[in-house]
Amino acid sequence: MLVQVALPVPLYRVFDYSLPAEMSALPNASIPKIGTRVEVSFGRQTLIGIVIAHIPEADSSVPLNKIKPINKCLDADPILDDSMLKLAYWLARYYHYPLGDVLAVILPSLVRQGKPLDLLITHWRILPHVTDDDFRANAKKQKQQFDMLKLHGERGASEDILLLEGMQREFLKTLEDKGLIERYIESKQAPSPVKLAKMPLDLNAEQQRAVDAIIAAHEAKRYTGILLNGITGSGKTEVYLQAMQAVLEAGKQVLILVPEIGLTPQTRARFASRFAAHIVLLHSGMNNTHRLQGWQDCRTGHAQIIIGTRSALLYSFADLGLIVVDEAHDGSYKQQDTLRYHAADVALYRGFQHNIPVVLGTATPSLEHLKLVDEGKLVEYQLLTRPGNANPATMQLIDARLQSTHQQTTDDGARYDTGLTDALIGAIRQTLEAGDQVLIFLNRRGYAPVLLCKACGWQADCPRCDAHLTVHYNNQAQHSHSYLKCHHCDWQAYIPAACPDCGSQNLDAKGMGTTRLSENLHAIFANPQTSKDLYPIIQIDRDTTRLKNSWENIYQRINEGKPAILVGTQMVAKGHHFPNVTLVCLPNADRGFLSADFRSPEHTAQLMVQVAGRAGRGDKAGRVLIQTLQPDNELLLKLVKDGYLSFARELLQERKIMGLPPYSYAALIRCEGKTMAATTQALKDAIELLPTAHNLAVLGPIDAPMSKKNSRYHAQVLLLAKDRQQLHRILNQWWQPAIALPSAKYLKLTLDIDPIGW
Ligand code: ADP
Ligand code: ZN
Ligand code: ZN
C-alpha cells in the first residue's frame, strides 16, 4: 500500500510515498487517512503535504526502490473532508493550478507548518475581588493598562488581542505578580442556539418574495443561486438577516462575504445587533494564530455567523446552510495573484456542493451575473423601492463645456482653475446652507497626478514603473514637505527645484487629486473676510485614513450631521451610511467611458451608481450631479436617463454582438521578467505550441497595460474562445509544456482564467 501526497510545490503532479515498516505492520486503521497531513522528505527538504489517495504498489509509476517512506503522520483524523478535497480538485482543474499549491492556499499557514490544531490561546482576566482601590495613586501606568483589560469584562480577552490593543507584556506580568489578574485557557463549549436579539422589521412585498425564495431553497435542501438585485438602500441587508434567521434556527452556519476588510467591523455590528450568536470575522489582517482559531471555529461548528473577505470561502465548515455574497459585482472578489479565483464563482460551486442557497446581493449586477440570469442559472429578485420615505437619488448631467469652470485668484493675483463649474458650486452652496452634507467623489488621491515642466514638457515619471509620479504635500496648508510618489511601487523623490531636462524653474502640478480639490474648496467656501472655513472639509482617502483610528474619527465627525463637504475616493463608495448627505457630485467620474478597456464602462457605471447611492439615505431626498465634458455620450445618457439596469442590458447586448465575455471565455497569460525582449519571446514560443483551433482567438503577445512595474517587464497574450470546454481542453494540453519551454526558464508565467481586466 502506498499513499499519494499533494505537496506545496509548483508541479502539476502528486507524489507516492510508502509507509514506514512499523506502520505497515499495523492493521489498516492506522494508515494515514485521506485528508490528513503527513511529513515527508522531498529531495533535500522536509515538506508537509496532504494524503489524497491510497494506491496499491503496482499502480505507482515510480520504481518501488525509489519510493521513500513518509516520516510521520500529523493527524489522526482528516483535516480536510471529502467536500473540501473535491473543492480543491475543482479549483486545481478550473484554474489550472497545481493541486498541492491549491491546498497551500486553502490551509492557514500554521496548519501548513504542521502545528497542532488545538491552539491553547492564553487569555487574561481580572480576579473577581480586585477593584480600582487596589492601585496606589502613583501607579498610573499600571492602572491605565488595568483599565484596558477591564473594558473586556469578566471573561477578559486573549493575550494577542490585548497586545494588539497596545497592552504591554511586562505589565501583564506585573499585574499577575501582584495578584490582580490571572491567565487562563478558554475552554470551548458547544455554542448555544442562536437567539434573536432584536425583532425583525416588517418586510415589504419585494423583500418578502426574496426571503421566501431563500428559505424555500434552504428547507428543500436545494442549491439555488439567487441574484438579489436591489437598488442602494432598498433593504438587502434585511433580506439577508431574515433569511439567515431561518437557517441559524435550524442550527446551521451562515457565511457572509464582504468585499473589504474595512467594512467588516460595521457589518459585524449590524449582524450582532440582530442575533445573539457566535460571530467570527475572517480577513487578511488577522495574525496566524487568529486565522487558525477562526479556521477551527468554522470546521468544528463553533462559529455560527462567519463574516469574511474572499478567502473565507476556502474554509471548511461543519454545517453550512447559506452563503451571502454582498456587493457581488465588486472587483476585489477576484484574487489577483497565485490562485486567481473569483469568490462569487466559488460561492456558487460550494452552494452546489452543499445543496444550499447562495445569495449574490448587489445594486449593480455584473454582466456575467445578468447573463447567468438569462440562462436560468441564477434566479433574480429585484428590490426597486426604498423602504420608508427615502426616494432614490435623481441623476443629472452638468455640461462642463458650456459652463466655464470656476476661476479663483491667489494672493499674488494669479488665476487658477478649480475644476468645478459654477453650477456645481451653486448646488453645493445651496445644500450646505440648507444644513445638509455634500459628498464629492474624486478617484485620485494626492495633490496632482503629474508634475510638468511648462518650458519643455518634461514630466516626472517613476524610474521603476510606466507611470507618472503623483505630487503630494505633507503639510497641505503651506505646501511644504512636498514630495513625489509612485502609486504603484511606492518609490519617492523630492520635487526638483528645476526641470532636470531644460533647467527651467517653471514646474507645474497638473491635474487634480483629493488634496488639491479640498484646497480649492477651502478657497471657494471660506468666509471672504476672515478666510476661515465656514464648513468643515473632510478628505477621505488612503492618505488621510492610514493611521489607526483615523477613519473612526472621520466617521464620527461626519455622523455629527453638521453641514460639511466630504471629498472622497472610492473608499466612500462602498457600504458606508452618511444619512445627512443629500448631494453627491462627480466632477469627472465619467472619464471611464472613454477608456480603451471594454470593461471600463461597466466598472465606471458601477462605481458611479455606488457613489450616487450614498445620497439621500435618511429621510431626505438625494441629488447626484455629474459634471461631464461629453454630455452626449450615449452610454452616459443611458445610465442617467434609464438607470443602471437598462444600461447594463445594453452593454450586454453589445458584448454579445462583439463576441466578448461573457459571451466568450478568456484566459490571460502574463509573462514577467527582467527585459521586455525576453518576456515577449517566451510568449511567442508558447504560442507556437498552441494547437490550431478555429474559434480560438489569440491576441498578442503585446505589452501589458503597465508594462514596466517595479523594474520588471510584463507582456501578455489573451486567449478568447467561444466555448468554455474547448478553452479548457486546449489549456490542459498546452499550459504545462508552455511553462516548461527553455525560454520561459527564468521568467514568471501566470495564467488567469476569467480575468477581470487586461
Ligand atoms: P441596502 O443594503 O440594500 O443598500 P439597507 O439594508 O442598508 O439597504 O437598508 C437601508 C435602510 O432601510 C436601513 O436603515 C434599513 O434598516 C431600512 N429598512 C430595510 N428594510 C426595511 C423595512 N422592511 N422596513 C423599514 N425599514 C427598512
Ligand atoms: Zn523642462
Ligand atoms: Zn513606480
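The values are calculated or read from the model by the stated rules, or taken from the named source; none is laboratory data. Please read all numbers here as calculations on a predicted model, not as lab measurements. Every residue, glycine among them, receives a Cβ derived from its backbone with ideal geometry; neighbour counts consider all protein chains shown.
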Counting only strands (runs of 3 or more DSSP E) wholly inside segment 276-347, the ones holding at least 1 residues that are surrounded by fewer than 21 Cβ atoms within 10 Å (Cβ to Cβ) are 279-282
Sole miss for residue 76 among (1) part of a strand (DSSP E or B); (2) farther than 14 Å from residue 4 by Cα; (3) of a type in the set (A, V, I, L, M) is condition (1)
Practice problem: State whether one or more residues within segment 226-234 are outside any loop (DSSP other than H, G, I, E, B), farther than 29 Å from residue 335 by Cβ and not aliphatic (A, V, I, L, M). | Solution: no
Output for Cβ contacts, cut-off 8 Å, separation at least six or different chains, first residue closer than 30 Å to residue 420 by Cβ in segment 484-511, second within 16 Å of ligand 1 (Cβ to nearest atom), reads none
Picking from 451, 521, the residue that is surrounded by 15 or more Cβ atoms within 10 Å (Cβ to Cβ), outside any loop (DSSP other than H, G, I, E, B) and within 16 Å of ligand 2 (Cβ to nearest atom) would be 451
Taking first residues from segment 1-28 that are of a type in the set (A, V, I, L, M) and in a helix (DSSP H, G or I) and second residues anywhere that are surrounded by fewer than 19 Cβ atoms within 10 Å (Cβ to Cβ) and modelled with pLDDT under 85, the pairs with Cβ under 9 Å that are 6 or more apart or on different chains are 23/30; 23/31
Filtering segment 485-515 for residues that are near ligand 2 (Cβ under 10 Å from one of its atoms) and either of a type in the set (Ser, Thr, Tyr) or surrounded by 17 or more Cβ atoms within 10 Å (Cβ to Cβ) (or both) leaves a count of 3
Wholly inside segment 626-739, helices (runs of 4 or more DSSP H) that include 1 or more residues that are away from ligand 3 (no atom under 16 Å from the Cβ), touching a residue at least 40 places away in the same chain (Cβ under 8 Å) and closer than 30 Å to residue 465 by Cα are 676-688, 724-739
Checked segment 351-395 for anything of a type in the set (Ser, Thr, Tyr), in a loop (DSSP other than H, G, I, E, B) and at pLDDT below 95; matches are 385
Flagged pairs (Cβ under 9 angstrom, 6 or more apart or on separate chains; first in segment 287-313, more than 18 Å from residue 83 (Cβ to Cβ); second acidic (Asp, Glu)) are 287/160; 289/160; 290/160; 309/260
Pairs returned, first residue in segment 140-156 that is farther than 12 Å from residue 124 by Cα and without any contact (Cβ under 8 Å) to a residue 60 or more places away in the chain, second residue that is in a helix (DSSP H, G or I) and acidic (Asp, Glu), beta-carbon separation under 8 angstrom, 6 or more apart or interchain, are 143/132
Expected single match for of a type in the set (Gly, Ala, Ser), on the phi < 0 side of the Ramachandran plot and away from ligand 1 (no atom under 16 Å from the Cβ) among 157, 243, 205 is 157
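Table: residues versus (1) part of a strand (DSSP E or B); (2) within 16 Å of ligand 3 (Cβ to nearest atom).
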| site | (1), (2) |
| --- | --- |
| 418 | yes, no |
| 431 | no, no |
| 439 | yes, no |
| 456 | no, no |
| 471 | yes, yes |
| 504 | no, no |
| 512 | no, no |
| 516 | no, no |
| 530 | no, no |
When restricted to 337, 330, the only residue at pLDDT below 95, over 19 Å from residue 266 (Cα atoms) and charged (D, E, K, R) is 337
Q. Is segment 477-486 home to any residue that is under 21 Å from residue 581 (Cβ atoms), within 28 Å of the chain's Cα centre (by Cα) and within 16 Å of ligand 3 (Cβ to nearest atom)?
A. no
From the option list 419, 426, 446, single residue qualifying as more than 16 Å from ligand 1 (Cβ to nearest atom) and exposed (fewer than 14 other Cβ atoms within 10 Å of the Cβ) is 426
Within segment 220-245, of all residues that are buried (at least 18 other Cβ atoms within 10 Å of the Cβ) and either closer than 15 Å to residue 304 by Cβ or of a type in the set (D, E, K, R) (or both), the one farthest from ligand 2 (Cβ to nearest atom) is 245
Just one listed residue, out of 76, 21, 53, 88, is within 29 Å of residue 345 (Cβ to Cβ) and exposed (fewer than 15 other Cβ atoms within 10 Å of the Cβ), and it is 53
Selection from segment 622-665 of residues within 15 Å of ligand 1 (Cβ to nearest atom) and modelled with pLDDT under 90 yields 622
Residue set 101, 118; condition farther than 16 Å from residue 350 by Cα and either crowded, with 21+ Cβ neighbours inside 10 Å or under 28 Å from the mean Cα position of the chain (by Cα) (or both); output residue 101
Considering segment 235-274, residues that are farther than 26 Å from residue 385 by Cα and part of a strand (DSSP E or B), and then whichever is nearest to ligand 3 (Cβ to nearest atom), we arrive at 255
